[in-house]
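> Could you have a look at this structure, given as structure tokens, before my questions?
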Amino acid sequence: MQESISKEKAEMIFKEHSNYIYRTAVYLTKSKELADDITQETFIQAFLKYDTFDSTKSLQPWLYKIALNTTRNMLRKHKWLKYTDQMPEMSSLYLVENSVLKSEEKVELWKQINGLSMKSKEVFVLHFYSGMKLREISEILDIPIGTCKSRLNYAINTLRKQIPHNEFDFLGEGGELYETI
């Protein structure tokens with residue numbers, strides 16, 4: 001365990017990991033503004049709790065776990081605000097689909113991904129968009145690797161049923177999926 005984090009170390013960690021945390025938050029929330037908030041809050045929490053980090057382990061899974069917990073909390077907060085009519089108009093939120101997704105196939109794929117349960121979407125996004133291995137994802141989400149595989153398999157099968165095969169080729173045919181563990 002470490003005592004506290006130096007300014008130089010904090011800057012290095014932020015520079016090295018902020019883009020990945022931000023991208024993951026964007027994929028999960030579909031909002032650049034919310035992803036900015038999540039990224040900022042993730043690093044605030046990480047730096048405040050840096051003394052609890054076990055330096056014998058990899059930093060990336062620890063940061064992703066904080067980011068996922070922050071994302072879940074912010075999404076819950078936004079749902080609550082939406083139900084109490086205090087949420088800002090959706091038109092004022094700049095959705096990622098408007099700027100990132102350009103082709104109709106990608107828009108359709110993204111819509112289907114967003115239709116997945118949060119548990120399946122988290123595993124799918126971390127694996128295919130953040131390039132993480134299933135072992136890392138299982139550590140981040142604190143679930144057994146079998147559960148991680150099951151959630152990913154469910155997400156892939158659900159998406160395959162909803163999207164024509166030729167638009168979904170990037171996932172392969174199941175067998176090669178688990179080679180990335």
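The values are calculated or read from the model by the stated rules, or taken from the named source; none is laboratory data. Here the structure is a predicted model, which means the values were calculated and not measured. Note: ideal-geometry Cβ built from the backbone for every residue, glycine included; neighbour counts use all protein chains shown.
> Would you be able to say whether some residue in region 65-84 is assigned to a loop (DSSP other than H, G, I, E, B) and either at pLDDT below 90 or in the same structural domain as S18 (by TED's automatic domain parsing) (or both)?
yes
> On the basis of being modelled with pLDDT of 90 or more, among the acidic types (D, E) and part of a helix (DSSP H, G or I), does D51 make the cut?
Criteria not met by D51.
> Out of all the residues in region 7-62, which are touching a Leu at 6+ places or on another chain (Cβ under 9 Å) and among the polar types (S, T, N, Q)?
T24, T29, S31, T42
> Just to be sure I understand, how many residues within region 129-156 are in a helix (DSSP H, G or I) and buried (at least 19 other Cβ atoms within 10 Å of the Cβ)?
Count: 12.
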